[in-house]
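In what follows, a single structure is set out as structure tokens and then discussed.
The values are calculated or read from the model by the stated rules, or taken from the named source; none is laboratory data. Remember, it's a predicted structure, so these values are computed and weren't measured experimentally. Ideal geometry is used to build each Cβ from the backbone, glycine not excepted, and the neighbour counts take in all protein chains shown.
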Amino acid sequence: MPLVNVDVLLKKAEAEGYAVGAFNCNNMEIVQAIVAAAEAEKAPVIIQASQGAIKYAGLNYIVKLVEVAADSVSIPVALHLDHGTSFEQVLKCMRFGFSSVMIDGSKLPLDENIAITKKVIEIARPLGISVEAELGKIGGTEDDIIVSEKEAMFTDPQEAKTFVEATGVGSLAIAIGTAHGQYKGKPELDFERLKKIKELVKIPIVLHGSSGVPDEDIQKAIQLGVRKVNIDTNIREAFMKGVKDALAQKPNEIDPRKVLGPAREEMTAIVREKIRLFGSSGKA
């Protein structure tokens, strides 16, 4: 199947009250695990690549891996740029075949964030490419993007309304207490803020930094309007568990397949678990 537009997936999710999983990839085994899990669950899926993943694997490799994966399954697959921080990066990903992009202008003043988001939408929309933006700063670290706890700012509901009306963006990532990377303790999500934003903003909401958020909190966020849930750290943890377990059993193993195979199985299992949690099983 050709890669699909994220807005199409989220529109169906909005109508039926579930969320679509967006899983970060860095190499072949991760891509294979994501599509294997989605196919097994008969779920739509978003495979996303950060700027760090693109730097590591190469833009061509990411696109071709995901295109081959999408062709091998019967479920809809989108390829999304996660946290594109420059207009040039976003443009490059669109040119190379991404079906969806995120322009992250959250560190900019509101008017500048609106301006760069509109600029991306003007190019992306005629090409059938969906656009996600971010308002408010999500804490933690993801690749080369670092937001300290002091810098992390929750999304202002009225600003969200202004932003969406000014840009016409397809989906909006908001800051309500999640963070990138591993949590030091239990995250406390501001559900009242999420509820208020959803009342004012009639587009799908995106939750970043969702690895480590308790299942019941994820489900409550979905009930309140979150339609795209990003998972990265849980996949990395599953990958390393598979590798460590394989090497613990055979410390002298030199065949990468005997190490990466178990890692792929661990990742497939966690992605299937998340898909079921998000309510998107059987929604392909």
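Observations on the model:
- A count restricted to segment 107-131 and to residues that are at pLDDT below 95 and surrounded by 22 or more Cβ atoms within 10 Å (Cβ to Cβ) stands at 0.
- Restricting V35, V20, V63, V68 to residues that are within 29 Å of G225 (Cβ to Cβ), of a type in the set (A, V, I, L, M, F, W, C) and out of contact with any Lys or Arg (no Cβ under 8 Å at 6 or more places or on another chain) narrows the list to V35.
- For beta carbons closer than 7 Å, sequence separation of 6+ or different chains, a first residue in segment 154-177 that is more than 22 Å from L81 (Cα to Cα) and a second that is in a helix (DSSP H, G or I) and basic (K, R), the qualifying pairs are F154/R193; P157/R193; P157/K196.
- Whichever residue in segment 239-268 is in contact (Cβ under 8 Å) with a residue 40 or more places away in the chain and among the hydrophobic types (A, V, I, L, M, F, W, C) and, among such residues, is surrounded by the most Cβ atoms within 10 Å (Cβ to Cβ): M267
- Residue within segment 237-250 that is assigned to a helix (DSSP H, G or I), in contact with a His (Cβ under 9 Å, 6 or more places away or on another chain) and of a type outside the set (F, W, Y) present: no
- Residue within segment 27-47 that is at pLDDT 95 or above, surrounded by fewer than 24 Cβ atoms within 10 Å (Cβ to Cβ), in a loop (DSSP other than H, G, I, E, B) and of a type in the set (D, E, K, R) present: yes
- Scanning segment 60-93 for residues that are free of Cβ contacts under 8 Å to residues at least 12 places away in the same chain and closer than 16 Å to E29 by Cα yields a total of 3.
- Count of segment 15-32 residues which are of a type in the set (A, V, I, L, M, F, W, C) and touching an Asp or Glu at 6+ places or on another chain (Cβ under 8 Å): 2
- Residue in segment 67-83 that is at positive phi and part of a loop (DSSP other than H, G, I, E, B) present: no
- Residue check for I47: touching a Leu at 6+ places or on another chain (Cβ under 6 Å) and more than 18 Å from E134 (Cβ to Cβ): yes
- Residue match in segment 193-200 (condition: assigned to a loop (DSSP other than H, G, I, E, B), out of contact with any Phe, Trp or Tyr (no Cβ under 9 Å at 6 or more places or on another chain), of a type in the set (V, I, T) and modelled with pLDDT of 95 or more): no
- Residue in segment 45-60 that is over 15 Å from I235 (Cβ atoms), aliphatic (A, V, I, L, M) and in contact with a Cys (Cβ under 9 Å, 6 or more places away or on another chain) present: yes
- Tally, over segment 5-26, of residues that are farther than 18 Å from S100 by Cβ and in a helix (DSSP H, G or I): 2
- Members of segment 94-104 that are in contact (Cβ under 8 Å) with a residue 12 or more places away in the chain and either assigned to a strand (DSSP E or B) or surrounded by fewer than 24 Cβ atoms within 10 Å (Cβ to Cβ) (or both): M94, F96, G97, S100, V101, M102, I103
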